[in-house]
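The values are calculated or read from the model by the stated rules, or taken from the named source; none is laboratory data. Everything numeric here is computed off the predicted structure, so don't read it as measured data. Because the Cβ atoms are built from the backbone with ideal geometry, glycine has one as well, and the counts that use them run over all protein chains shown. Just the protein is used for accessible areas: all its heavy atoms, side chains included, with ligands, DNA and RNA removed. Shrake-Rupley method; radii C 1.70, N 1.55, O 1.52, S 1.80 Å.
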2 protein chains.
Amino acid sequence: TIQDWEKKREIIVCLLVSVLGAIGTYFLIPSVKLLNLKAGLFGIDINKVEGKKIPESMGIVPGTVYLMCVIFFQLYVDESLLAEYNAAMTSICFMIFLGFADDVLNLRWRYKLVLPSVATLPLLVAYRGSTTVLVPRFLHPYFGPQLALGIFYQIYMGLLSVFCSNAINIYAGLNGLEAGQSLVIGCSILYFNLSYLENGPFAQAHLFSVFLTLPFVFATLGLLYFNWYPSRVFVGDTYTYFAGMVFAVVGILGHYSETLLLFFIPQIINFIYSIPQLIGIIPCPRHRLPKYNKDTKKLEPTPNLTLINLTLRIIGPTSERNLCIILLIFQVFCCALGLGIRNYIAELIR
Amino acid sequence: TIQDWEKKREIIVCLLVSVLGAIGTYFLIPSVKLLNLKAGLFGIDINKVEGKKIPESMGIVPGTVYLMCVIFFQLYVDESLLAEYNAAMTSICFMIFLGFADDVLNLRWRYKLVLPSVATLPLLVAYRGSTTVLVPRFLHPYFGPQLALGIFYQIYMGLLSVFCSNAINIYAGLNGLEAGQSLVIGCSILYFNLSYLENGPFAQAHLFSVFLTLPFVFATLGLLYFNWYPSRVFVGDTYTYFAGMVFAVVGILGHYSETLLLFFIPQIINFIYSIPQLIGIIPCPRHRLPKYNKDTKKLEPTPNLTLINLTLRIIGPTSERNLCIILLIFQVFCCALGLGIRNYIAELIR
Ligand SMILES: [Mg+2]
Ligand SMILES: [Mg+2]
C-alpha cells in the first residue's frame, strides 16, 4: 500500500541522516577531544599500566550530532506529531546540557536524581496521550480492562527517566561498557519497533520511536569506535544521561515503557544489587571499580556491590576487554529474554 | 470580554512564574558560584585595583531557571501553539548548552558564527508561519502589497539569531552591561507586545512573545543583582548567547523581527564600528576593553573600535559604574527611538 511505501521512505531518509550522524561523530571527536583535554576535562584510565590522560565528557559530540540529526529530520515528521517531537527534543537537549554541566561542575549526588526529573518536564507537560494502562485478563474482574492512572502516570514517567539515566550511569567503569550497553538496548528497541510497524494500535507511535532511536544508535556507533578497549575517549555523565533520556523518551512517547524496562534487566540487577551501598548501609567509595592487577593484566573483584564485580567473582579474573564483551553478551541475552517475556504478557492481556 | 480576561489571567500566571524564576535565580547563584570557581570557570576583573577571581559563565543559572519557567508555563499555552512553543524552547536550550560548551571549551571564532545558526534550526524547521513581508505603500506598484521571500526568509531568520547573539556578546566588558542591555531590550519588547495585545492581526503572536520574554526579564533581574558594579559574578558567553537567542526567537515567532532590530541600535552601531577589527583590517586583540587608571580609578579609552571606547573618547575618563549607567541610558533612548521609528513606518505601510 502507499502508506507502507511512505513509511519505508521515511525510515530510509532517517537511516541516511543517522549514517551522516555517525560519520559526523567520527570526524568531530578527534578535534573536540583536544578541546576537552585543554579545558581539564579528562580522567586517568586506572585499568591500564600506563595511566594516560583520557578526555572525558565526550558524550557532548554524539549528543550534539544527535540533536542536529533529529532537528533536520523534523522536516519529515508529520505536523500532528510536531508538538511531541519537539518536546522530546527539548527534554533530550536539556538532559545533555545538564549532564555536561554535571561533568564540568561535579554536582552533588542528590542533583543527579533531580536533574533527569526536571529534564523530563517538557515531555510530561506536552504528553497528551492516554494515562491508562492495560490490565491483564485475569485481573479484569477487579480493575476492568483499563486502569486510569492520571497524575500517577506522569509521576511514573518522571521516575522512569530518573531510573533510565542513573541505571546506565552506575553500570559503568569498563572501556566501552556505557556505549556498548546503550547500543544493544537501542538495537533491541529498533527491532521491537520495526516488528510492530505494520499492525497494532500503536504503529504510528512505533514509527515515531524509530525516528528518535535510529540517530541515537548511529551516533553511539561513532562514539564506541573511540570508546572501545583501549579507550581513547571517555563518555562522561553527558553520555549516560543522554542515553538514558533517549530511552525514557521513546518508551514514553512510544507507549511501551513497560517493555523498555524488560530491556534493562542487567541494569535492574546492578541497581538492586547496589542498593545497600547506594543508601549507605555499606560504605560507598566514589568509584566502585574492580582492581587492576598489573602483573596478570587482568581485573579482579573488589567488595563493591556491582554486577561487574559479581561477574568477576563468578568467572574469575578476566581482561577488561573480555569482561566488557561478556557483559554485553549478557545484555543481548537479557534483551532477547525481555522480548520473549513481553510477547508472553501480551498474550495474557489480549 | 471573556477573551481579554483570559489573556489577563494568563499574563498574571506568567508573571507569577517569572517572579518565582527571579527568586530562584537569586537563591541559586551563590551556591552555583562556588561550583564554577572550583571547576576553574572564573575570570579576573581587570577594571579593579584588587584583581579578584570572579566566577564566570554564571548565565547557566538564569538559563536553567528560564527553561524551567517556560516548561512549567507550557501548561497554560494553547495546544495549537505547542509545536512552536516547544521549538522555541529547543532552540533556546540548545543555545544555552552551546554557549556553556563555548565557555568551558573555548571554541574558535568561526564556531561562534556557526553555533547560533545551528541552534536556530529547530525554529526554522518548525516555523510554519508566513514567509512574506509587508511592502511600504509607495513600493506597491513594483512589488505588490506583500513580497514572498520563501527560503530567503529562513536564511534571514538564521542570520538574525547569529546577529542577536554575537551583537550582545561583543558589546560587553563592563560590570552589568550585558545583563543591563538585555534587561532594557527585554522591557522594550514587553512594552511593544503589550501595546498590540488588544487589536491587530498578530495579537496572538504578541501574547506568545510575552510568555517567552517575561521569564527572561525576571531571570535577568536575578542575575543583574550579582552582576551589577562591583560584579560578584560574570555572565559568560552562556548568558549573551542565551539572551540573543531569546530575542531572535520572540522576534521570529512574534513576526516583528524588523522592529526587534530597531531595539538593537547601540549593538548595531557597536558592530558596524567594530567591523575593521572584526575582519582583521586593524589588529584585534582578544579583549578590546578600555584601560583602567589605578590612580584616578577611572576608565580611559584604548584605540580599540568599540562603542565603549568611543563613548569614553567623547565624555572623557569615567568610572566603570557611571559609564555603564550612561550606556544603559543610551540603550533606553535608542529603544524609545526605535519604537517611534516603528510606528512611523507602520503608518507608511498601512
Ligand atoms: Mg559517570
Ligand atoms: Mg563574551
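If you check A:125, A:104, which single one turns out to be at pLDDT 85 or above, open to solvent by 10 Å² or more (accessible area, probe 1.4 Å) and not polar (S, T, N, Q)?
A:104
Each row is one residue, and each column tells you yes or no for (1) part of a helix (DSSP H, G or I); (2) under 19 Å from residue A:116 (Cβ atoms).
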| site | (1), (2) |
| --- | --- |
| A:190 | yes, no |
| A:193 | yes, no |
| A:205 | yes, no |
| A:234 | no, no |
| A:239 | yes, yes |
| A:244 | yes, yes |
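Taking only region B:194-228 into account, find how many residues are among the aliphatic types (A, V, I, L, M) and modelled with pLDDT under 95.
Number satisfying all stated conditions: 5.
Looking only at region A:227-262, which residues are within 16 Å of ligand 1 (Cβ to nearest atom) and not polar (S, T, N, Q)?
A:233, A:234, A:235, A:236, A:237, A:239, A:241, A:242, A:243, A:244, A:245
Here is a check on your reading of the model: is residue A:50 exposed (fewer than 11 other Cβ atoms within 10 Å of the Cβ) and not aromatic (Phe, Trp, Tyr)?
So residue A:50 fits the description; yes.
Could you list all residues from region A:177-208 that are closer than 26 Å to residue A:320 by Cα and more than 14 Å from ligand 1 (Cβ to nearest atom)?
A:180, A:183, A:184, A:185, A:186, A:187, A:188
Determine if region B:134-147 includes at least one residue that is more than 14 Å from chain A (Cβ to nearest Cβ) and at pLDDT 85 or above.
Within region B:134-147, not a single residue is more than 14 Å from chain A (Cβ to nearest Cβ) and at pLDDT 85 or above.
Kindly indicate whether residue A:279 is within 28 Å of residue A:337 (Cα to Cα), more than 19 Å from the chain's Cα centre (by Cα) and open to solvent by 60 Å² or more (accessible area, probe 1.4 Å).
No; evaluated as a whole, the condition is false for this residue.
In region A:318-350, what count of residues is obtained for those that are open to solvent by 70 Å² or more (accessible area, probe 1.4 Å) and under 13 Å from residue A:264 (Cβ atoms)?
Residues that pass the stated criteria total 1.
For region A:220-231, indicate whether the set of residues that are part of a loop (DSSP other than H, G, I, E, B), closer than 20 Å to residue A:23 by Cβ, away from ligand 2 (no atom under 16 Å from the Cβ) and open to solvent by 50 Å² or more (accessible area, probe 1.4 Å) is non-empty.
yes
For region A:161-182, which residues satisfy the criterion of being closer than 22 Å to residue A:94 by Cβ and either among the aromatic types (Phe, Trp, Tyr) or open to solvent by less than 10 Å² (accessible area, probe 1.4 Å) (or both)?
Of everything in region A:161-182, those that are closer than 22 Å to residue A:94 by Cβ and either among the aromatic types (Phe, Trp, Tyr) or open to solvent by less than 10 Å² (accessible area, probe 1.4 Å) (or both) turn out to be A:161, A:163, A:164, A:165, A:167, A:168, A:179, A:182.
Any residue in region B:127-135 that is assigned to a helix (DSSP H, G or I), without any contact (Cβ under 8 Å) to a residue 60 or more places away in the chain and hydroxyl-bearing (Ser, Thr, Tyr)?
Among the residues of region B:127-135, not one is assigned to a helix (DSSP H, G or I), without any contact (Cβ under 8 Å) to a residue 60 or more places away in the chain and hydroxyl-bearing (Ser, Thr, Tyr), which makes the answer no.
I'm told residue B:294 meets every condition in (1) at pLDDT 90 or above; (2) in contact with a helix residue (DSSP H, G or I) (Cβ under 9 Å, 6 or more places away or on another chain) except one. Can you identify the failing condition by its number?
Among (1) at pLDDT 90 or above; (2) in contact with a helix residue (DSSP H, G or I) (Cβ under 9 Å, 6 or more places away or on another chain), the lone unmet condition for residue B:294 is (2).
Tell me yes or no: at least one residue of region A:137-152 is crowded, with 18+ Cβ neighbours inside 10 Å, out of contact with any Gly (no Cβ under 8 Å at 6 or more places or on another chain), outside any loop (DSSP other than H, G, I, E, B) and without any contact (Cβ under 8 Å) to a residue 24 or more places away in the chain.
Looking for residues that are crowded, with 18+ Cβ neighbours inside 10 Å, out of contact with any Gly (no Cβ under 8 Å at 6 or more places or on another chain), outside any loop (DSSP other than H, G, I, E, B) and without any contact (Cβ under 8 Å) to a residue 24 or more places away in the chain, one finds none in region A:137-152, hence no.
Filtering region B:236-258 down to residues that are more than 16 Å from ligand 2 (Cβ to nearest atom) and open to solvent by 10 Å² or more (accessible area, probe 1.4 Å), which residue is nearest to the chain's Cα centre (by Cα)?
Among those residues, the one meeting the criterion is B:258.
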